[in-house]
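Quick note: the coordinates plus some simple rules give every number you see, no bench work behind them. Bear in mind the structure is a predicted one, so any value in this text is a computation, not a measurement. Here Cβ is always computed from backbone atoms with ideal geometry, including for glycine, and neighbour counts include all displayed protein chains.
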Amino acid sequence: MCDSHRHVSINSPVILFGAAVLGLFCGWLDIAVINQICDVIADIFIRLLKLVSLPIIFFSLVATLSGMSGMADVRSLGGRVIKYTLLTTLLSASLALGLYLLLDPSESAARVFNSGQNTVEAVSYWNHLLNIIPSNLIEPFLNNNVMGVLFLALVFSASILSLGEEHKKTLNQLFESLFAAVMKMTGFFLKLMPLAVWAFVTLFVKDVQNHEVLQGLAIYLLCVVLANLIQAGVILPALLKIRGVAPVSTLKAMWPALTIAFFSKSSSAALPSAVDCAERRLGLQRKVARFSMPLCITVNMNACAAYILITVLFVSQSNGVQFTSLEMFSWILVATIAAIGNAGVPMGCYMLSSAFLAAMGVDMQLMVLILPFYAFIDMLESAINVWSDSCVTAMVNQELVAEREQSLEEL
């Protein structure tokens, strides 16, 4: 999810900020030996990210989706939750793309990073669609085909859900364990983050002699924050109004849970408070609150979808990668699917965005520059994710109440 688990001390914001400051100083000194050491460290860190990138995407999706109760069981209550989850997440990703195209944060940064080496070869969109479907199970991983991995994860998850309960439970536990193992390995690699920040910032200062990329970074951050605030303050309240739910009353009732999510940077940590607020303060049905909120905490990641889309497009285009219009719009679907399968990923959207970029072979230098700002973004997105969960739960409850009232009238 977009939310962070509690960071280990070595990756605290203070240490990362200190590493960035040291990198600024070393880059300004421009000492050949230090630059060579930074080149080696940067290369090793990127290789490690690429090592875990596609397994993170695949195992997180399969572990999350295969753990659902099955199509028959979710058809009633679960179907409504999934419906509103997909609706709100797609709207969030679409809004993010609209803001990205409007503000175009990559324009300034591209002047610095675009060396022409990362420009993708033009192919027909039909061939692009065909490449999504792999000819064997390992081909997407060998070719760093992100879309192929997503397709494989979705098909695999659907197949597991159609199996008997015994096989489904066994396979879900298997993929949960594999995902946990990959994330444990990722945790080991992340202990190198301060060293990587120092190396990347040093190389960045050495190579960049102007402020254009910083202007692009500021516009990028504005784009991410605006997408989240508009989704939380305009789109979600509008959906509540359409369903006959009072947005202000809902916000007041859920405020304690939103506060916990913001300061803990974890919607999972806010789950007990969110269920309690939904039941006692908002007055939702017990079965709805206790089913919908945990499910939404797992799959309803509005803010994460917006972050993934904006970040991947910004870093890619800043490094010279060109997308056709259809490819850019296809990222709405990719970001939505990735956000739904993002549960339990440490450092949330940041790690999944890095995984996409590493799998695409894009230079990761900008991701390290984004890292110092991610702590605030993570706090904001965690609160917005819980707010979205609350809105979905309230709309599901209202829909069930309306159906029951209609049935009573017909009787």
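Computed values, structure above
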item: Karplus (6.51, -1.76, 1.60) ³J(HN,Hα), θ = phi - 60°, over segment 394-400, in Hz, Gly and Pro reported as x; result: 5, 5, 4, 4, 5, 5, 5
item: R0 of 22 Å, Cβ-Cβ distance Lys184-Ala375: FRET efficiency to nearest 0.05; result: 0.45
item: Where labels lie 7 Å past Cα in the beta-carbon direction, separation of Lys191 and Ser162 in nm; result: 4.4
item: In nm, spacing of pseudo-spin labels at Leu326 and Gln398 (7 Å Cα→C-beta vector); result: 3.8
item: Net charge contributed by nearby residues that have their C-beta within less than 13 Å of Thr250 (K/R +1, D/E -1); result: +3
item: Pairwise FRET efficiency - Leu22 versus Leu102, Cβ, R0 = 51 Å, nearest 0.05; result: 0.90
item: Convex hull (Cα only) mean projected area of segment 14-410, reported in nm² to one decimal; result: 20.6
item: Scattering profile of segment 166-267 at q = 0.18 Å⁻¹ [log10 I(q)/I(0), Debye over alpha-carbon scatterers]; result: -1.02
item: At R0 = 41 Å, FRET efficiency that the Cβ-Cβ distance of Leu154 and Lys252 yields, to 0.05; result: 0.60
item: Greater than 24 Å apart at Cα, pairs in Lys241/Lys265; Lys168/Lys265; Lys191/Lys265; result: Lys241/Lys265; Lys168/Lys265
item: Protection proxy ranking, peptides 358-366, 332-340, 38-46, average beta carbon neighbours within 10 Å, highest first; result: 332-340, 358-366, 38-46
item: In Hz, Karplus ³J(HN,Hα) per residue of segment 222-238 (6.51, -1.76, 1.60; θ = phi - 60°; x = Gly, Pro); result: 4, 4, 5, 5, 4, 4, 5, 5, 5, 4, 6, x, 10, 5, 5, x, 5
item: Packing rank of 26-32, 85-91, where each peptide gets the mean count of other beta carbons within 10 Å, highest leading; result: 85-91, 26-32
item: Label-point separation, Ile133 to Glu409 (7 Å along Cα→Cβ), nm; result: 4.6
